[in-house]
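Visitor: If you scroll down you'll find the structure; I have some questions about it.
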Amino acid sequence: MSKYTYLLGGAVALAMLPTVAFAACDANERVVKFSHVTAVKGHPKGEMVAALAERFDEKFDGTMCMEVFPNSTLFNDDKVLEALILGDVQLAAPDVGKFDAFTDRLQVFNLPFLFQDTQAVQKFTESDAGQSLLTSMEDSGITGVTWIYNGMRQFSANKPLIAPSDASGLRFRATTSDVTEAMISSLGATPQALAFSEVYGALQTGVVDGQENTWSNIYTGKFYEVQDGITETNHQFLTYLMVTSPEFLDSLGEDRQAFLDLVADVAAEYNARANEQNAAARQAILDGGGTIRELTAEQRQKWVDVMKPVWSRFEDNIGKDVIEAAIASNK
Ligand code: LMR
């Protein structure tokens, strides 16, 4: 049944543009739970997942129904993957940097200054090398369903960042990605792994001095309100992998292909909007009084020179074939 309801979430949700969306499922419908960590409105992942739930409910009305838990209201970051393996949730779409415990190959997305834009990411995810990553965690009970695009990540801190040396000595929030931690360390800064739901509070209270994320995450998470400014480094492309378990896919029986087709359609439609949503979030940050610092080509090159050497530490684990396919997608 498609009765879409929006409710206010808890304290975390309130800090991050509130709205916990869930469909009111009928008692006879099988409930499919989708847990993620971001806001809904104005967010590439949040809006895509909300649309998926709505169309899922229409398509499988009377048999299945999707409940969406955004804003970390059910599971946080990589914790959702344990829940997915245990069958406590059926769908998730973590940042590719949160799969380190299951595969090294997805770390390719986090190599700083690899992908130049969304088109390059799309070319890579649609290539044979990209498609092979979908099944790279099946031995662990996780299978990729589709890719969701966000956008380029930017650095922010409680002081102006123009040269990479400005970041030296500061503490930055990091995801659990080894590449991201190495990238932050290469600046002479200290990475502090924190769940996404903890970032705003950690910036506000000074537990960390800075963070790095996309315009849509910085805006919907209100990080810009507790930072001196954001520097347009465009250093990493944030990609999500929508995952489920092979058991869940098998359990769909003859609905399996219809489900996969639906996911592919909704992802294609919403991925095409991700650039626009990030541009809108960038403008909203400016309108909201945030400071954005653009870098000249020479200034940005200094960040490239400092951070790109971390690639060499991860090449063997990621695989040269994967990295070469990713580089080739920039052409
Ligand atoms: C982060 O933790 O920085 C992001 O992965 C959050 C998200 O899902 O966009």
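The values are calculated or read from the model by the stated rules, or taken from the named source; none is laboratory data. None of these values were measured; they are calculated from a predicted model. Counting neighbours? That spans all protein chains shown, and the Cβs are built from the backbone with ideal geometry, glycine included. Quick note on the areas: whole protein, heavy atoms, side chains included, nothing else; ligands and nucleic acids left out. Shrake-Rupley method; radii C 1.70, N 1.55, O 1.52, S 1.80 Å.
Visitor: Set the Förster radius R0 to 30 Å, insert the Cβ-Cβ distance between K331 and E232 as r into 1/(1 + (r/R0)^6), and round the FRET efficiency to 0.05. Don't jump to the answer; show the numbers that get you there.
Guide: On the way: r = 24 Å, r/R0 = 0.79.
So the FRET efficiency works out to roughly 0.80.
Visitor: Mind checking the per residue accessible area of the stretch 209-331 for me, 1.4 Å probe, whole number of Å²? Could you put the intermediate results ahead of the total?
Guide: Values: 5440 Å² over 123 residues.
Solvent-accessible surface per residue comes out at 44 Å².
Visitor: If eta is 1.306 mPa s and T is 10 °C, what Stokes-Einstein diffusion coefficient results for the chain, Kirkwood Rh from Cα pairs, in µm²/s? Walk me through the intermediate numbers first.
Guide: Working: Rh = 20.1 Å.
Once the numbers are plugged in, D ends up at 79 µm²/s.
Visitor: Using only Cα atoms, locate the centre of the stretch 264-331 and the centre of the stretch 57-74, then give the distance between them in Å, rounded to an integer.
Guide: With the stretch 264-331 and the stretch 57-74 each reduced to a Cα centre, they are spaced 31 Å.
Visitor: Hey, another quick one. So which residue, out of G253, G201, G130, gets the largest mean-square fluctuation from a GNM of the chain using Cα contacts under 10 Å as springs?
Guide: Fluctuation is largest for G253.
Visitor: So how do 144-152, 166-174 stack up, highest first, on mean other-Cβ count within 10 Å?
Guide: Packing proxy ranking, top to bottom: 144-152, 166-174.
Visitor: Among I85, I184, I230, which one shows the highest mean-square fluctuation when the chain is modelled as a Gaussian network with alpha-carbon springs under 10 Å?
Guide: Answer for the Gaussian network model of the chain: I85.
Visitor: How far is it, in nm, from the label point at K308 to the one at S168 when both lie 7 Å from their Cα along the line to the Cβ?
Guide: 2.1 nm
Visitor: Would you mind working out the accessible area per residue for the stretch 148-193, using a 1.4 Å probe, and quoting it in Å²? Present the calculation step by step, with values, prior to reporting the outcome.
Guide: Values: 1320 Å² over 46 residues.
Accessible area per residue: 29 Å².
Visitor: Tell me, what is the FRET efficiency for L260 and L86 to the nearest 0.05, using R0 = 22 angstrom and their Cβ-Cβ distance as r?
Guide: Details: r = 23 Å, r/R0 = 1.04.
It comes out at approximately 0.45.
Visitor: If the chain between E298 and R273 were fully stretched, how many nm would it gain, using 0.36 nm times the residue separation less the Cα-Cα distance?
Guide: Numbers: separation 25, 0.36 × 25 = 9.00 nm, distance 3.03 nm.
Going from the current span to full extension adds 6.0 nm.
Visitor: Still on this structure, I have one more. If you roll a 1.4 angstrom probe over the protein chains with everything in place, what fraction of the accessible area of the stretch 4-328 belongs to carbon and sulfur, to the nearest %?
Guide: Working: 5940 of 12500 Å².
For the stretch 4-328, the apolar C and S fraction of the accessible surface comes to 47 percent.
Visitor: For K33, which lysines qualify as cross-link partners when the Cα separation must be under 26 Å and same-chain residues fewer than eight apart are set aside?
Guide: Partners within reach: K3, K41, K45, K59, K79, K98.
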